[in-house]
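Encoded as structure tokens, the structure appears first; notes follow it.
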Amino acid sequence: MGWNSWNHFAGKVTDADVRSAADSLVSTGMRDAGYVYVNVDDTWEGKRDAQGVIHPNERFPDMKALGDYIHSKGLKFGIYSSPGAQTCARYEGSLGHEAQDAKTYAEWGVDFLKYDLCSFQQNMNKAEAEHSGDINVGKELMIAAYKKMGEALKATGRPIVYSLCQYGVDQPWKWGPALGANMWRTTDDINDTYGRMIAIGSSQAGLSKYAGPGHWNDPDMLEVGNGKMTEDEYKTHMSLWVLLAAPLLAGNDLTKMSAVDKGILTSKEAIAIDQDSLGKQGDRLYESGDLDVWTKRLSGGRVAVGLFNRSWDTRDVSVDLAEIGFKNGANLRDIWAQKNLGHQSGVFTSRIPKHGVTLIVVSK
């Protein structure tokens, strides 16, 4: 859980923006809700010196000082690079400098690395072309590149969360853990639209068996608070991500957060579903047209249930409590309404607005 600079600031992020985000995580209560990583995405990189050591550019005068500032707030410091020669924004990548960069990051006090495939795809394409289009050659090259940085991070002796960002290419959920990865992107980039968000979230069906403590599927960062979705749509976004046990990396301007957006992002009960000690990722129970029901097993024999209405009208969405293990009925708690719904049995039905959700926790 934390914040990443890309969704709002993209290529214009500065040292001051990152410090301001760190301050805001504290002042808004987000740090205390669990958002502790402050992650600088692409465009911080400057040039390498004669010895090959990477230096930040003029927008980031002193990365060690920035890391110290973030740590002084009780937060953790994240950074970004690529296994290619260049990053997505065409800044300096880590190709050929993996061990050197990992050592530099550790010296700066880095706690998280997002490693973005980007220009390395050209290396993969070239290798495949040289082997008569054999895509396995490209895959092996990519896995070796990610393994190299994983080993370099481990060799520093500093615990650094290793986040693979390669858009789900070649099913990283199957090979990521063996490389020391803690999380891996399962999809291409999200954006601040309902269509893109719901498509990404829905595509996670069937991936639950690959996630668990220390190794997580990552459907990309949160768009809550960036302004182009409705309150119901942002609640859907947050609900689906917490059911997926997804990393929760906010991507909004924390200094201009509305009370509604803050309420969604800091909902203790929603976050508790995401961060439940069992570490189980939820999955889709069933889909009927534009209506979905997702469930996630929680500690203490509880089950979180998300009833989603993807249609353009208000609709009734139902779940049979017996089907999720409560044949004698159960106590229901509505997370967004913050109220107990009492003991119910049989089929629970909720009337849900377009693009909306009802998120409940069911317990014996």
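The values are calculated or read from the model by the stated rules, or taken from the named source; none is laboratory data. Everything numeric here is computed off the predicted structure, so don't read it as measured data. Every residue, glycine as well, gets a Cβ built from its backbone with ideal geometry; the counts of neighbours run over all protein chains shown.
Filter region 265-275 down to the residues that are of a type in the set (A, V, I, L, M) and under 19 Å from Val26 (Cβ atoms) and list them by number. It would help to see each step written out before you state the result.
We begin by selecting, within region 265-275, every residue of a type in the set (A, V, I, L, M); these are 265, 270-273.
Selection gives Leu265, Ile271.
Which residues, counting only those in region 1-22, are crowded, with 20+ Cβ neighbours inside 10 Å and either among the hydroxyl-bearing types (Ser, Thr, Tyr) or touching a Cys at 6+ places or on another chain (Cβ under 8 Å) (or both)?
Passing the criteria: only Ser5.
Could you identify the single residue in Lys235, Lys147 that is surrounded by fewer than 23 Cβ atoms within 10 Å (Cβ to Cβ) and not in a loop (DSSP other than H, G, I, E, B)?
Within the list Lys235, Lys147, the selection yields Lys147.
Among Leu66, Leu75, Leu25, which is touching a Phe, Trp or Tyr at 6+ places or on another chain (Cβ under 6 Å) and either crowded, with 17+ Cβ neighbours inside 10 Å or under 30 Å from Ser267 (Cα atoms) (or both)? Don't jump to the end; show me each part of the working.
Working: Leu66 fails: touching a Phe, Trp or Tyr at 6+ places or on another chain (Cβ under 6 Å); Leu75 fails: touching a Phe, Trp or Tyr at 6+ places or on another chain (Cβ under 6 Å).
Selected residue: Leu25, the only one of Leu66, Leu75, Leu25 that is touching a Phe, Trp or Tyr at 6+ places or on another chain (Cβ under 6 Å) and either crowded, with 17+ Cβ neighbours inside 10 Å or under 30 Å from Ser267 (Cα atoms) (or both).
Of everything in region 42-63, what is of a type in the set (Asp, Glu) and either within 13 Å of Glu92 (Cα to Cα) or crowded, with 22+ Cβ neighbours inside 10 Å (or both)? Give them in sequence order.
So the first thing to find is which residues in region 42-63 are of a type in the set (Asp, Glu), and the list is 42, 45, 49, 58, 62.
Of everything in region 42-63, those that are of a type in the set (Asp, Glu) and either within 13 Å of Glu92 (Cα to Cα) or crowded, with 22+ Cβ neighbours inside 10 Å (or both) turn out to be Asp42, Glu45, Asp49.
Say whether the condition of being of a type in the set (Gly, Ala, Ser), surrounded by fewer than 22 Cβ atoms within 10 Å (Cβ to Cβ) and closer than 24 Å to Thr28 by Cβ is met by at least one residue in region 200-207.
Pass one, region 200-207, residues of a type in the set (Gly, Ala, Ser): 201-203, 205-206.
Going one step further and asking which of them are surrounded by fewer than 22 Cβ atoms within 10 Å (Cβ to Cβ), we end up with 202-203, 205-206.
From what is left, the residues that are closer than 24 Å to Thr28 by Cβ are none.
Taking every residue of region 200-207 in turn, none turns out to be of a type in the set (Gly, Ala, Ser), surrounded by fewer than 22 Cβ atoms within 10 Å (Cβ to Cβ) and closer than 24 Å to Thr28 by Cβ.
Go through (1) within 25 Å of the chain's Cα centre (by Cα); (2) in a loop (DSSP other than H, G, I, E, B); (3) more than 22 Å from Asn217 (Cβ to Cβ); (4) not hydrophobic (A, V, I, L, M, F, W, C) one by one and return the number of the condition Pro159 breaks.
(3) is the only condition that Pro159 fails.
Looking at Ala199, is it more than 26 Å from Gly96 (Cα to Cα), aliphatic (A, V, I, L, M) and free of Cβ contacts under 8 Å to residues at least 24 places away in the same chain? Steps first, please.
On the way: more than 26 Å from Gly96 (Cα to Cα): yes; aliphatic (A, V, I, L, M): yes; free of Cβ contacts under 8 Å to residues at least 24 places away in the same chain: yes.
Yes.
Taking into account only those residues within region 301-341 that are of a type in the set (Gly, Ala, Ser) and under 15 Å from Thr358 (Cα atoms), which is surrounded by the fewest Cβ atoms within 10 Å (Cβ to Cβ)? Even if it seems obvious, please write down each step before you answer.
Start the filter on region 301-341 by keeping residues that are of a type in the set (Gly, Ala, Ser), which leaves 301, 304, 306, 311, 318, 322, 325, 329-330, 337.
Then drop every residue that is not under 15 Å from Thr358 (Cα atoms), which leaves 304, 306, 311, 318, 337.
On the way: Ala304: 27, Gly306: 27, Ser311: 16, Ser318: 13, Ala337: 11.
Checked region 301-341; the qualifying residue surrounded by the fewest Cβ atoms within 10 Å (Cβ to Cβ) is Ala337.
Taking the condition assigned to a strand (DSSP E or B), in the same structural domain as Thr295 (by TED's automatic domain parsing), surrounded by fewer than 22 Cβ atoms within 10 Å (Cβ to Cβ) and at pLDDT 95 or above, does Ser350 pass?
On the way: assigned to a strand (DSSP E or B): yes; in the same structural domain as Thr295 (by TED's automatic domain parsing): yes; surrounded by fewer than 22 Cβ atoms within 10 Å (Cβ to Cβ): yes; at pLDDT 95 or above: yes.
Yes.
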